[in-house]
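Since the structure comes first, as structure tokens, the remarks are kept for the end.
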Amino acid sequence: MTQSYPGSPLLVITGPTASGKTGLALAVAEKFGGTIINSDSMQVYRELRVVTARPSAAEETRVPHKLYGILPATERYSAGRWREMAVQEIEAVWRAKRLPIVVGGTGLYIKALLSGLSELPGVPEDIRSAARATYCAIGAGAFHARLASVDPEAAARLPETDTQRILRAYEIYLATGKSLSDWHREAPVSEPLSADVQTVLLAPPREDLYARCNDRFDRMMARGALDEVAALVARVLDPSLPAMKALGVPELAAYLAGTMTRKAAEEKAKQATRNFAKRQMTWFRNQIEKPDIIFAQYSERNKDKIFSKICF
């Protein structure tokens with residue numbers, strides 16, 4: 001049973017991909033005696049350090065890091081499972097008299113932690129089969145548009161390449177007549193975490209963010225992203241696994257398979273990253289309650305200004 005730590009401090013650092021969350025979290029953890037807890041759904045996979053921009057081994061030695069690289073790429077993960085593990089880690093940090101710092105851009109995980117989780121209904125097998133048949137018949141783009149017509153919030157959050165979650169959202173609607181987003185707004189099954197929470201949202205100007213996305217992908221390639229994806233592809237895993245859909249993985253896998261040039265793969269991966277960042281910002285603006293918004297990417301230059309907003 002979860003213990004109660006009312007009034008205990010919790011810092012959440014979130015924002016779109018490439019906004020500087022890792023750098024800010026490290027700086028805050030060093031200054032305030034913090035432990036960093038991952039809330040990025042792809043950084044949980046141990047095989048994907050480079051392509052997911054997971055903190056480096058050197059960065060992980062500077063302060064304690066939790067829930068990074070904890071699962072093999074063969075596993076599927078859920079917001080509910082992450083929440084359970086994150087609460088355990090947060091409570092352990094409190095017991096150690098340190099500041100838990102939850103860091104990542106997976107908005108659903110953060111919402112599950114701070115607002116609780118709603119119970120979702122089961123979906124009959126015939127509806128699941130019908131949804132998959134529709135997906136195969138009309139293709140990813142048209143199916144994503146169909147989802148957007150019944151659940152625009154889910155469609156805005158999920159890229160059309162995320163087949164598993166798009167299907168799940170559409171199945172819920174077919175089975176119940178109510179969107180997945182509406183279900184998530186129902187009274188939570190798990191209680192919201194009781195803590196003194198401050199949420200810092202990094203929200204850089206769009207053009208700056210897009211440039212950072214492009215630059216970061218180039219740096220990933222220089223650090224061995226292609227080799228990392230090649231090792232993953234060599235295992236011939238189920239392509240529907242979440243790890244196989246991480247940003248950059250499908251595009252680099254296509255290059256390795258000979259179905260796309262390297263230049264085209266890199267450009268498509270950068271475009272996917274920019275699109276994802278845009279969807280994240282839309283989600284954060286609508287779903288995160290009362291964040292302290294920093295309209296810039298984190299850097300040493302604006303470190304003091306950001307720190308002045310942190311209340312711990």
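One table, with the values for the structure above:
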item: Any chance GLU207 is under 30 Å from VAL28 (Cβ atoms), modelled with pLDDT of 95 or more and not in a loop (DSSP other than H, G, I, E, B); result: yes
item: Residue in the range 244-257 that is among the aromatic types (Phe, Trp, Tyr) and touching a helix residue (DSSP H, G or I) at 6+ places or on another chain (Cβ under 6 Å) present; result: yes
item: Among (1) surrounded by 15 or more Cβ atoms within 10 Å (Cβ to Cβ); (2) touching a helix residue (DSSP H, G or I) at 6+ places or on another chain (Cβ under 7 Å); (3) without any contact (Cβ under 8 Å) to a residue 60 or more places away in the chain - the single one GLU267 does not satisfy; result: (2)
item: Flag if THR22 is in a loop (DSSP other than H, G, I, E, B) and in contact (Cβ under 8 Å) with a residue 60 or more places away in the chain; result: no
item: Positions within the range 282-312 being touching a helix residue (DSSP H, G or I) at 6+ places or on another chain (Cβ under 8 Å), closer than 27 Å to ALA155 by Cα and part of a helix (DSSP H, G or I), in sequence order; result: THR282, TRP283, PHE284, ASN286, GLN287
item: Within the range 76-96, tally of residues that are free of Cβ contacts under 8 Å to residues at least 24 places away in the same chain and outside any helix (DSSP H, G or I); result: 1
item: In the range 24-40, the residues that are at pLDDT 95 or above and open to solvent by 20 Å² or more (accessible area, probe 1.4 Å); result: GLU30, GLY33, ASP40
item: Single residue of ALA175, ALA155 found to be in a helix (DSSP H, G or I), in contact with a His (Cβ under 9 Å, 6 or more places away or on another chain), surrounded by 13 or more Cβ atoms within 10 Å (Cβ to Cβ) and not charged (D, E, K, R); result: ALA155
item: Any hit, the range 32-45, residues being in a strand (DSSP E or B) and over 21 Å from GLN280 (Cβ atoms); result: yes
item: Output for the range 105-150, where each listed residue is part of a loop (DSSP other than H, G, I, E, B), more than 20 Å from the chain's Cα centre (by Cα) and buried (at least 16 other Cβ atoms within 10 Å of the Cβ); result: LEU120, VAL123
item: Meets criteria (within 18 Å of the chain's Cα centre (by Cα), under 23 Å from GLU119 (Cβ atoms) and open to solvent by 30 Å² or more (accessible area, probe 1.4 Å)) for ARG216; result: no
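The values are calculated or read from the model by the stated rules, or taken from the named source; none is laboratory data. Quick caveat: nothing in here was measured; it's all calculated off a predicted structure. Here Cβ is always computed from backbone atoms with ideal geometry, including for glycine, and neighbour counts include all displayed protein chains. Heads up: the accessible areas ignore ligands, DNA and RNA and are worked out on the full protein's heavy atoms, side chains in. Shrake-Rupley method; radii C 1.70, N 1.55, O 1.52, S 1.80 Å.
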